[in-house]
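All remarks here apply to the structure that follows.
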Amino acid sequence: MTPRDQVTREVFWNIPPLGRVTFYALAAATLAVFGYGVFLNLRRVLKGRETSISWDEIRSNLFKTTTEILSNRTVARRHRLAGLMHAGIMWGFIALFIGTVIISIEFDVFQEILGRSHGFWTGSFFLGYELTLDTMGTVFLLSLAVALARRYVFRTPQLSWKPIDFFLPASLLLIGLTGFIVEGLRLATTGSQLAYSPYWSPTGFLFSRLWQGMAASAARRVHGYLW
């Protein structure tokens, strides 16, 4: 039986130090922009006129609104496919975000700060992580494809055609698609060396079949460029 601490993978495989620094710099800039946007919206809200409202009303409205958002019930009532599409995009994005946080805790806290070779991102937890993230990432991409098809292929009349309506889902689709391509290149290069079956990353494994036969050095170069 393979030791538990070997059932994992390298977080920044094939990425040089400069690439890692660039990644963290872009992440910090993104968080700064996001934080500034939150600040602007909060400041606008605080400038509003005071309203008398009870805590019971706040709790009731908060619960109702949260339920509506998480279930996409409002959209689904109008159009079932649209409801499923919105739910797929939202939950796929949430799952990928949670997956990113998990990797950040594993690498930045356990490996970099605490100096361990591995944290908790090993064994059955790691395998479940790989399967869940691949599955939800696939749901995310399929839902984005449906969103673009409804608007630009089937030309659903009630949908708007502003540039942002194309740019946002198309950019998310491109990011997700290149993510699977990068995963496929990594699996095509390192699959035989893994201590677990690449089938635990089903979509990444399918993409890895596209690169079978490519020289390892070439696959590494393409992986680095796309990453």
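The values are calculated or read from the model by the stated rules, or taken from the named source; none is laboratory data. All values derive from a computational prediction rather than experimental measurement. Backbone-built Cβ (ideal geometry, glycine too); neighbour counts: all protein chains shown.
Among the charged types (D, E, K, R) and not in a helix (DSSP H, G or I), is that true of Arg151? Against the criterion (among the charged types (D, E, K, R) and not in a helix (DSSP H, G or I)), Arg151 does not qualify. In region 133-151 there is no residue matching the filter, namely being within 22 Å of Asp5 (Cβ to Cβ), β-branched (Val, Ile, Thr) and modelled with pLDDT of 95 or more. Among the residues of region 46-66, those identified as of a type in the set (A, V, I, L, M) and either assigned to a helix (DSSP H, G or I) or surrounded by 11 or more Cβ atoms within 10 Å (Cβ to Cβ) (or both) are Leu46, Ile58, Leu62. In region 113-122 there is no residue matching the filter, namely being part of a helix (DSSP H, G or I), at pLDDT 90 or above, buried (at least 17 other Cβ atoms within 10 Å of the Cβ) and out of contact with any strand residue (DSSP E or B) (no Cβ under 9 Å at 6 or more places or on another chain).
Do you know which residues across region 127-148 are more than 14 Å from the chain's Cα centre (by Cα) and surrounded by 13 or more Cβ atoms within 10 Å (Cβ to Cβ)? Can you show your working first?
Residues of region 127-148 that are more than 14 Å from the chain's Cα centre (by Cα), as a first pass: 127-128, 145-148.
Passing the criteria: Leu127, Ala145, Val146, Ala147, Leu148.
Among the candidates Ile69, Ile15, single out the residue that is modelled with pLDDT under 80 and either in a helix (DSSP H, G or I) or under 24 Å from the mean Cα position of the chain (by Cα) (or both). If you could, list the steps in order and put the result at the bottom.
Details: Ile15 fails: modelled with pLDDT under 80.
Exactly one residue qualifies, and that residue is Ile69.
When Ile175 is tested against (1) farther than 23 Å from Leu194 by Cβ; (2) within 13 Å of the chain's Cα centre (by Cα); (3) buried (at least 16 other Cβ atoms within 10 Å of the Cβ), just one condition goes unmet, and that condition is (3). Taken together, Val33, Val7, Val38 contain a single residue that is among the β-branched types (Val, Ile, Thr), at pLDDT 80 or above and closer than 27 Å to His118 by Cα, which is Val7. When region 1-56 is filtered for residues that are more than 30 Å from Gly224 (Cα to Cα) and β-branched (Val, Ile, Thr), the ones remaining, listed by number, are Val38, Val45, Thr51, Ile53. All of Ile102, Ile98 fail the test of being at pLDDT 95 or above and either among the charged types (D, E, K, R) or in contact with a Phe, Trp or Tyr (Cβ under 7 Å, 6 or more places away or on another chain) (or both), apart from Ile102. Within region 179-206, the set of residues being crowded, with 21+ Cβ neighbours inside 10 Å and in a helix (DSSP H, G or I) comprises Glu183, Gly184, Leu185, Arg186, Leu187, Ala188, Thr189, Gly204. Per the listing Val11, Val21, Val7, the residue uniquely in contact with an Asp or Glu (Cβ under 8 Å, 6 or more places away or on another chain), surrounded by 10 or more Cβ atoms within 10 Å (Cβ to Cβ) and either among the β-branched types (Val, Ile, Thr) or in contact (Cβ under 8 Å) with a residue 40 or more places away in the chain (or both) is Val11. Do you know which residues across region 91-148 are hydrophobic (A, V, I, L, M, F, W, C), touching a residue at least 40 places away in the same chain (Cβ under 8 Å) and in contact with a Pro (Cβ under 8 Å, 6 or more places away or on another chain)? If the condition is that a residue be hydrophobic (A, V, I, L, M, F, W, C), touching a residue at least 40 places away in the same chain (Cβ under 8 Å) and in contact with a Pro (Cβ under 8 Å, 6 or more places away or on another chain), then Leu131, Leu144, Ala147 are the ones that fit.
Going through (1) modelled with pLDDT of 95 or more; (2) within 15 Å of Gly137 (Cα to Cα) one by one, Ser208 falls short only on (2).
For the condition surrounded by 14 or more Cβ atoms within 10 Å (Cβ to Cβ) and in a helix (DSSP H, G or I), Thr100 does not qualify.
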